[in-house]
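Only one structure is covered here, and it is reproduced in the block below.
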Amino acid sequence: MRRASRSSEETGFNFNVTEQQTLNPVSSSRLRVAVIGVGHLGEHHARLLAAMDHVDLVGVVDTKPGRADEIAAKYGTRAFRDAADVRSLVDAVTVAVPTESHVDVALPFIEQGNAVLVEKPLAASLSAADRLIDAAARRGSVLAAGHTERFNPAVTAALPGLSNPRFIEVHRLGVFPERSLDIDVIFDLMIHDLDLLLASVRSDVVSIEAVGVHVLSPRTDIANARLRFASGCIANLTASRISRERVRKARFFQHDAYISIDFMAQEVEVYRTVAPEGTGRPSIKGGKLDVTKDEPLRLELADFVEAARSGGAPKVTAHAGRAALALATRIAEEMEAAL
């Protein structure tokens, strides 16, 4: 297990500096958007964007023969085989292609000043992520990272109650082969929870223990990581894409409360200790919070559309996406070292 901590400069996440940037707003009243890559996830992008106010879904792009035509017909837009063909038509794009193609697809749009949302992980490597971030900074382009779980209404309800958690346990289990197999489960599933941990704990990771197993594919299919933060918090995460059932749950323990999140059910339970009156014993009170359920991807895309139209920062910035990628990379390196 490696004990050396890494600075915010190395991880790309600075917990003491507020990111500030002047971004390009869209001058027209309607945002012209295209979806690049309309596989399983990209189709949902197209479905949701086609139904949004102030948005014109001007096209969908996919290299698979017939796929773009199918999705375009379904959602009333135009089909393209090459992303270059929509560059003159758009104010913004969402990128849902395989991770290794993120930079090649997204960079030309960023460089012409378009707003771009890139699905997680932001890129296949930290150097590739930096190319996207640097280009967006030069051009003043909105660049969002597609960490959908941050928009889960259960997460939104739970985050205000998290204050200096001491222990966190997360299980994110998927059914094989529902997931994309072009990347390890760390970058496919666990990265959602790494982003959430960085947003909630807000402390540097100082040590990592990790193990991963290849079961049904040449890549890591199940992984466990134990993270120690500078604050003293310890997080234990398990991610799997070979389970018989889907599980998406997290539990946070802190000095005054226990908070449980069920991501799939969009439910939050909170229990707190209540000080005794007089010489009595403390008691525990709590229960489920009121959560207004919604589709996290719809909320994410709505946030991106608003950022693109106004020139404001998206809720999950590219810097946050890079920080999650940096931590995922450290975990992957720790697994390799343990072999």
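Taken together, the values in this text are just the output of simple stated rules run on the coordinates, not laboratory data. All values reported here derive from a predicted model rather than from experimental measurement. Note that each Cβ is placed from the backbone with ideal geometry, even for glycine, and that neighbours are counted across all protein chains shown.
Annotations
- Phi-based couplings in Hz for region 262-268 (Karplus 6.51, -1.76, 1.60; Gly and Pro marked x): 9, 5, 6, 7, 6, 10, 10
- Dipole in debye (nearest 20) - region 50-194, about Cα centre, beta carbon charges: Lys, Arg +1; Asp, Glu -1: 200
- Answer label for Rg and Dmax of the Cα atoms in Å (calculated), chosen among (1) 22.4, 81; (2) 20.6, 74; (3) 21.5, 67: (2)
- Between region 324-339 and region 185-226, the Cα center-to-center distance that results, in Å: 8
- For region 61-110, the gyration tensor built on C-alpha atoms gives an oblate shape. Its axis ratio a/c (a ≥ b ≥ c) is at least 1.5, and a/b is not larger than b/c.
- Within straight-line reach of LYS285, meaning a Cα separation under 29 Å, sit the following lysines at least 8 residues removed in sequence or on another chain: LYS249, LYS293.
- Loop-resident sites, region 135-211, for chymotrypsin sites (Phe, Trp or Tyr not before Pro), counting at most 14 other Cβ within 10 Å (DSSP): none
- Among the trypsin sites (Lys or Arg not before Pro) found in region 28-135, those both in a DSSP coil and sparsely packed, with 15 or fewer other Cβ atoms within 10 Å of their Cβ, are ARG30, ARG81, ARG87.
- Nonlocal amide H pairs with ASP204, under 5 Å, H built at 1.01 Å: ALA230, SER231
- Residues whose placed amide H lies under 5 Å from that of ARG78, excluding near-sequence neighbours: GLY59, VAL60
- Cross-link partners of LYS288 among aspartates and glutamates, defined as those whose alpha carbon lies under 13 angstrom from its own and excluding same-chain residues fewer than eight positions apart: ASP262, GLU267, GLU269.
- The chain: angle of helix 126-139 to the longest principal axis, Cα-based, in degrees nearest 10: 60
- Label-point gap, in nm, between THR273 and VAL206 - each point 7 angstrom along Cα→Cβ: 2.4
- This model, with +1 at the C-beta of Lys and Arg and -1 at the C-beta of Asp and Glu, gives the chain a dipole about its Cα centre of some 520 debye.
- In this structure, ALA73 and GLU100 have a Cβ-Cβ separation that, at R0 = 25 Å, corresponds to a calculated FRET efficiency of about 0.30.
- Dipole of region 172-279 [Lys/Arg +1, Asp/Glu -1 at C-beta], most positive-end residue of ALA199, PHE229, THR279: PHE229
- Distance in nm between pseudo-label sites at LYS64 and LYS293 (7 Å out along the Cβ direction from Cα): 2.8
- About its Cα centre, the dipole of region 191-339 is roughly 180 debye, where the only charges are +1 on Lys and Arg Cβ and -1 on Asp and Glu Cβ.
- Cα-based reach from LYS74 at 17 Å (exclusive), listing lysines while leaving out same-chain residues under 8 positions away: LYS64
- Among beta bridges identified by DSSP and lying wholly in the chain, the antiparallel ones come to about 60 percent.
- Residues whose amide H falls under 5 Å from that of VAL55, counting only those 5 or more places apart or on a different chain, are LEU31, with hydrogens built in the peptide plane.
- Potential extension, SER163-PHE176 segment - 0.36 nm per residue separation minus Cα distance: 1.1 nm
- Among the GluC sites (Glu not before Pro) in region 259-339, those located in a DSSP loop and surrounded by at most 13 other Cβ atoms within 10 Å of their own Cβ are GLU277.
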